[in-house]
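Chemist: Provided herewith is a single structure, encoded as structure tokens, for subsequent inquiry.
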Amino acid sequence: IYADPAKRLELYFRPKDPYCHPTCANRFPTSTMLLRVRRRTRKKKQLDTQEQAQPEIHFEMEILGIVTTVYKFQGMSDFQYLAMHSGPDGKQTSMYDKVLMLKPEKEEFFNRELPLYIPPPIFSRLDSPIDYFYRPDIQHREGYNNPQVSGENLIGLSRARRPHNAIFVNFEDEEIPAKPLDAAVQTWKKVCTNPVDKKVEEELRKLFEVRPVWSRNAVKANINVHPDKLKLLLPYLAYYMLTGPWRSLWVRFGYDPRKQPEAKIYQVLDFRIRCGMKYGYAPNDMPVKAKRSTYNYSLPITVNKQVSHTVSVHDLKQAPPSSKYKLKESIYIFRDGVLPPYRQMFYQLCDLNVESLQKIIRRNDGTESECTERDGWCLPKTSDDLRDSMSLMIKEMIRSTRPALFSNTTSGEDCKEQLAYESGEDEDDEEEEEEDFKPSDGSENEMETEILDYV
């Protein structure tokens, strides 16, 4: 906790109780001294039996060091939720021995009939009292009637998102937009006030002329532009595909990839590095770390939480040009021998720079007959074949960087069986898992993050 200034110190009143909710201390800088104080007492000899001798007391003080950081418990303690059951007579019965598995148990342990016990999913987000400042009731004139409730005038859980005027298109939509919204044009013209912005606009136009479909990461790797300016520039030149083989990609206005077989190479591949004991390495052993981790989660009630700076149009006008916004090409290009930067990546098929992968993609060149929502212009199971081949390449790369992980695995026939198992030759479960998988169902991926920027 001390190593991370943004975290709070947690105090558990019952450390062995997993249902104990902590109270938190905030971190403060200080300049105080740590003292050691000794109290010494020396008894005087008693001269007269009638008078009681007074002991001689003196103190010794020693400075041990300087304290630079303190933690103060200033918040209120939250409710403590115990694993208890209330009987009909009001008697409380402990359920800890029934819900906590402290040692390996037999099947009977899990089949026992127990009272319903559902702990709260989350406790209070704030541990300090605040004033809500409720508004007084509005006094309407006589004869006023409240409007009918609809989705437009309901109060949501958060503020309304700032519109960026992007046009979203689903795979089943019949028409595609040929030009941007007027609001998108006006917003970009308001921001585009210096030669650098004009240059960025021309560079992005040229990119869409060379290639009509781009991912946002690919654009960031080819153009040096402020991220907030890119949010306004992309809806000015392209529309966003929500579903289908080009989901999460930006498509040039007027270009319909569903009618162009050559758009096959621009389709998206949702690739996730496979990990687990059957692949020879656990998630913690991988050289590639996850983009998000629950271990980095900090409580939203911390007082040291950084205040985010809201970027205004004026700030974007004054933003100086900088090369720090340009990403590395590994963020959107896959090469053999180079590990992806993250465990989940969105690649366009044309950015898989491996000949064996391109052969899989080109298996039906010139014979494309139908564009489907799952496979696009490719043959069925093309994405599965690509993932299997890329997973084998990833394993070989990890094997070369960390050979100790595979020291316990046998070679020869066992290795061939393992590779065949991974490639899906003898295993149908992996294929079924990939086929039933829907990238936008409950996954915190970049596609959903990007959609939220434009909704």
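The values are calculated or read from the model by the stated rules, or taken from the named source; none is laboratory data. Bear in mind that the values here come from a model prediction, so they are computed numbers and not experimental data. Here the Cβ is made from the backbone with ideal geometry for all residues, glycine too, and neighbour counts use every protein chain on show. Surface areas here come from the heavy atoms of the whole protein model, side chains and all, with no ligands, DNA or RNA. Shrake-Rupley method; radii C 1.70, N 1.55, O 1.52, S 1.80 Å.
Chemist: What figure in square angstrom, to the nearest 10, would you give for the accessible area of His140 with a 1.4 Å probe?
Modeler: The value for His140 is about 100 Å².
Chemist: Taking 0.36 nm per intervening residue step and subtracting the Cα-Cα distance, what contour gain separates Lys206 from Glu105 on full extension?
Modeler: Gain on stretching Lys206 to Glu105: 29.8 nm.
Chemist: Search the structure for amide H atoms under 5 Å from the amide H of Trp250, placed 1.01 Å from N in the peptide plane, and list their residues when 5 or more places away or on another chain.
Modeler: Trp214, Ser215, Arg216
Chemist: Here's another thing I want to ask about it. How much length is gained on full extension from Tyr144 to Gln54, taking 0.36 nm per residue of separation minus their Cα-Cα distance?
Modeler: Computed gain between Tyr144 and Gln54 is 23.7 nm.
Chemist: Please compute one quarter of the surface area of the Cα convex hull for the stretch 169-230 and express it in square nanometres.
Modeler: Its average projected convex-hull area is 5.1 nm².
Chemist: Could you run the Karplus curve 6.51 cos²θ - 1.76 cosθ + 1.60 with θ = phi - 60° over the stretch 16-32 and give me ³J(HN,Hα) per residue in whole Hz, x for Gly and Pro?
Modeler: Result, ordered by residue: 7, 9, x, 8, 6, 9, x, 9, 10, 10, 8, 8, 9, x, 8, 9, 10 Hz.
Chemist: Let me ask something else. Just to confirm the filter: which GluC sites (Glu not before Pro) across the stretch 52-143 are DSSP coil and have at most 13 other Cβ within 10 angstrom of their Cβ?
Modeler: Glu105, Glu113, Glu142
Chemist: Something else: With the cut-off at 26 Å, tell me which of the pairs Lys229/Lys259; Lys16/Lys98; Lys328/Lys395; Lys231/Lys326 have Cα atoms farther apart than that.
Modeler: From the list (Lys229/Lys259; Lys16/Lys98; Lys328/Lys395; Lys231/Lys326), the Cα-Cα distance tops 26 Å for Lys229/Lys259.
Chemist: In square nanometres, what is one fourth of the surface area of the convex hull spanned by the alpha carbons of the stretch 1-140?
Modeler: Hull-based average projected area comes out at 24.1 nm².
Chemist: Hey, can you rank 186-199, 228-241 by average C-beta count inside 10 Å, highest first?
Modeler: For the peptides 186-199, 228-241, the packing ranking is 228-241, 186-199.
Chemist: In bins 10 Å wide, starting from 0, what share of all Cα pairs of the stretch 59-124 does each bin hold, as a percent?
Modeler: Final binned percentages: 13, 27, 22, 13, 13, 10, 2.
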